[in-house]
Structures are given as C-alpha cells and as structure tokens.
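Read the figures in this text as sums done on the coordinates, not as results from a lab. This structure is a prediction, so every number in the text was calculated from the model and none was measured. Backbone-built Cβ (ideal geometry, glycine too); neighbour counts: all protein chains shown.
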Amino acid sequence: MTSRKSNPKDWRNRATADWTVTTFRQYLADEHERRYGIPYTPRSFAIEGRWLKTMIAEHGAELVRNFIDACFEDYRPTPQYPGLNFGFMFSYQRARVLPRVLAENTAKFKRKEATAETADKWDDLADWL
C-alpha cells in the first residue's frame with residue numbers, strides 16, 4: 001500500500017482505510033462513468049463533502065466504500081434519473097442500504113474472530129501434543 005503522501009485521487013493505489021473525501025469523490029466519478037457511461041454530477045460539492053466526511057468519521061472509510069458499492073448495486077437507472085450521486089445515496093438509500101452493510105460488516109468481523117479463535121485453539125492443542 002502507498003503512503004498518505006500519494007495522490008489522494010489515486011484510489012486504485014491507496015488502502016481503502018486511507019481514503020479521504022477527495023479519494024471518495026474520484027472513486028464515485030470513476031465508478032459512475034464505468035457503470036452508467038455518463039459523467040458524475042453531484043448535487044452540491046460542499047454538501048457531498050460534508051456528508052462523506054461525516055460518514056467516514058462515524059463508520060470508517062472501508063464501510064463507506066461498501067455502502068457506496070451497495071448503493072450502486074441497488075440503483076436502477078431510469079430515463080429521468082440515468083445516474084446516481086452521493087447526495088442521493090445519503091438522503092434516500094442510506095436508511096435501506098446502510099443497515100444491511102453494517103450487518104454484513106458485523107457478520108464478517110464475527111467470522112474473522114471465530115476463525116482466529118479456532119486457529120488459536122488448534123495452536124494450543126498442537127503445543128500440548
């Protein structure tokens with residue numbers, strides 16, 4: 001992984017935990033272009049930045065990325081709304097998508113914890129034998 005001194009827009013070469021608002025904005029723009037073939041258009045850069053910063057502080061960058069990815073997966077473009085932005089995700093999809101992402105994150109953490117516990121028990125057993 002790269003250090004914090006790397007380009008903050010270079011989300012492909014940064015650890016997700018090190019992402020900033022700038023990194024998320026670039027990720028949103030790149031993913032939007034890839035998925036929908038049109039430029040990313042936020043409702044307001046200031047509001048989007050504030051909401052991203054709030055979510056990163058509250059949940060961490062990895063969970064925010066999972067939330068954004070889940071929102072992209074759930075969204076079905078229409079002729080009237082051919083794209084998606086973080087303002088829409090935060091305002092309209094958060095209540096439905098965020099609890100699911102939080103539950104998946106908790107389950108993943110518990111699985112990791114259980115796997116580590118099992119590995120520790122096997123190590124103890126191997127030492128005993």
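Counting Lys and Arg as +1 and Asp and Glu as -1, what is the net charge of the other residues whose Cβ lies under 12 Å from the Cβ of A61?
0
Taking N as the number of residues in the stretch 11-97, what is its Cα Rg relative to 2.2 N^0.38 Å?
Computed over Cα atoms of the stretch 11-97, the ratio equals 1.01.
What number comes out for the charge environment of R35, summing +1 per Lys or Arg and -1 per Asp or Glu over other residues with Cβ under 13 Å away?
Here the charged neighbours net out to -4.
Of A15, Y27, M89, whose Cα points farthest to the positive end of the dipole of the stretch 11-97 (charges on the beta-carbon: +1 Lys, Arg; -1 Asp, Glu; origin at the Cα centre)?
It is M89, whose Cα lies furthest towards the positive end.
Might you report the magnitude of the Cβ-based charge dipole of the stretch 11-97 about its Cα centre, with Lys and Arg at +1 and Asp and Glu at -1, to the nearest 20 debye?
Charge dipole of the stretch 11-97: 160 debye, to the nearest 20.
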